[in-house]
Each structure stands twice: as C-alpha cells, then as structure tokens.
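Accompanying notes for the structure given below.
Any read-out appearing in this document is the output of simple, stated calculations on the displayed coordinates, not a laboratory observation. On a predicted model such as this, the values are computed, not experimentally measured, just so you know. Positions of Cβ are backbone-derived with ideal geometry, glycine not excepted, and every protein chain shown enters the neighbour counts.
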Amino acid sequence: MMSGNYTSIDNQNVGGSVPAVADSPAHVAVKFADSSLQTFPPSGAQGKISGAAQPPRDADDSFGKPAAGSDEPQQSGWFRSFTIAAYKPYFDVDTADVLERIKDSLFPFNGSFSEKTANNPDLYGPFWICTTLIFVAASIGTFVTYIAHKVQKKEWDYDINLMTWSAGLFYGYVSIVPLALYLILKYFSAPSGFVHLLCLYGYSLFVFIPAMCLSVIPQEIVRWVVAGVAGFMSASFVALNLRNHIKSAGERWFLIVAGIFLLQLALALVLKLYLFTISV
C-alpha cells in the first residue's frame, strides 16, 4: 500500500529476524586497567626519567653535536686552528687529572710528568695557574706594600702596573719560552709537541703560588730562601721531564737542558726582585 511517497510493508510478509538493539551507552560498564600513577616516580618509568628521580640527561649526547646535514662548516687544514673545536681536546680534563698533575709538579724528581701527559696534554691547568699567579702577585704585592707604608707612616698609592706587569710576565713566559724551545728541538731533530711543552711549563709555575703567599713574611732572608727553593723546584721539574727526550738531540743535549734549568732560575730571580721585594 502506497501513502504519498512512502511505502508500507506488511510485517507478516517480512522474513528473517531483526538483531537486538545494543544497551544504552549509559549502561555500558567501563573497566580501567591498573595504573602506577599512585607512586611517584612510577616504578616502570621509561625514557630519560629513571625510577631514581634523577634529572634527565641526553643519553646519546646529541645536544651539543651538529645534526647531520647542518649548515655548520667543517674546517680542515690551517683553518681548523681558528675554530673552537680544534682546542676542545686540550681542555678535556677533570679535577682529579689537574690535581694529579699539580702534585707531580711539586715532586719534580719523579720525572714522570711527561709520560703521564704524553697522550693527553691539557691547557686548562696552565691557563688557570697563570691566571691565579697574576691575581696572587697583584693582591699579595699590593697588600704587603700597603702594610709596609702604614707601618712607616708613609703615603701609599695603588700601582695598577703591578697587575699588567704580572699578566705580561706569566702569560708571555708560558707562551714564548715553550715556542722557542719547540723550534730549537725541531732544529736538532728532537721535536716535541708544542702543546705538551705549554702544558709542562704551565704546571711548572704552580710552585710559585705558595711561594708568593710566603712572601708576606717580613724577613728579607726568608724571601730569598723561598724564591730560591721555588725556582729550584720549578727548574728541576722542567729539566728532568725533558732530559730523556732531549738526549736524542745528540751531544748538545746537556747544553739544552742546562739552558732550560738556568732560564727557569732566572724567572725565579725576576720574581724575587720585582714581586718578593717590598720597597717603601
């Protein structure tokens, strides 16, 4: 039977069965799986946050590395010397390494410093040793001079040249002397690494730090003894560590070692005359 545009179907003529209607969504039971959110941090934590609640870290150390295909230029040859990446290996030391090398510099007669640093010379220790020496020289010299003027009731003025003079002396010595020695050894066919020489000379200056602190003692003879002992220890440290290597230079090796020893003693003499001597 037709009614307008709709067709009516007689229920008796329809075969088959109609599937039952699903329950209303309001009656659907939802079951939640057990979760570990009740404990913090979760026992089964994944990724970079571990169960020990440690700070996250880059496990693959990819944060500081340039990504593949990055625009950062890869320098080679002489151009690499003007990049920071070229000097990173020389600062790859920790506190234990630096303290161990400082201890070796205070026991110069062992002569094992060159062997220990042959594969891993650093510039971190020498840089901070020279910087500390500059600060100590300026501060101790200024303090002792101030006290001496006050005791004698004389007018005192701060000398800024003490800082600049100290910086030029220590930075210049630890740079120019190793460079000159590097060229001399290369001429005598006994070349040594330039960075290794910088490392050796840098640590050889550490003994002057406690020596300068002892210069506050108001006795001239004590200052001479302190400067002499410090100079002898520093000179012995450099000469003994280079002796075996310089022997390959031939018969003149003794003259080279003697020159290294005397030059280090000359540095101690300069420090005594200009830093350990208090003039009023």
**Study point:** Long pairs among 116/186; 186/272; 116/272; 150/272; 116/247, criterion Cα-Cα beyond 24 Å
**Key:** 186/272; 116/272
Study note, to complete from the structure: Semi-axes of segment 127-227 from the Cα gyration tensor (sqrt of 5 times each eigenvalue, largest first, whole Å) come to 34, 14, 10
Revision key, fill the gap. Of all trypsin sites (Lys or Arg not before Pro) in segment 202-280, the ones in DSSP coil with at most 15 other Cβ atoms within 10 Å are 252
Revision key, fill the gap. The alpha-carbon center of segment 79-110 and that of segment 121-172 are separated, in whole Å, by 24
Review point. Which FRET efficiency value, to the nearest 0.05, is calculated for residue 164 and residue 103 with the Förster distance at 41 angstrom and r the Cβ-Cβ distance?
Key: 0.85
Review point. Over segment 179-236, what relative contact order in percent results from Cα pairs under 8 Å that are six or more residues apart?
Key: 27
Review point. How high is the relative contact order of segment 140-229, in percent, counting Cα pairs under 8 Å that sit 6 or more residues apart?
Key: 22
Point to revise | segment 81-98 residues near the modelled residue 124 label - backbone nitrogen below 13 Å, point 7 Å along Cα→Cβ | key: 88-98
Point to revise | Debye equation applied to the C-alpha atoms of segment 169-241, log10 I(q)/I(0) at 0.11 Å⁻¹ | key: -0.34
Review point. Between residue 171 and residue 155, what length in nm is gained on full extension when 0.36 nm per residue of separation is reduced by their alpha carbon distance?
Key: 2.6 nm
Check your understanding: Which loop-located chymotrypsin sites (Phe, Trp or Tyr not before Pro) does segment 117-175 contain, where loop means any DSSP state but H, G, I, E or B and the Cβ has at most 15 other Cβ atoms within 10 Å?
Key -> 156, 158
Point to revise | Rough spin-label spacing in nm, given labels placed 7 Å along Cα→Cβ, for residue 179 and residue 213 | key: 3.3
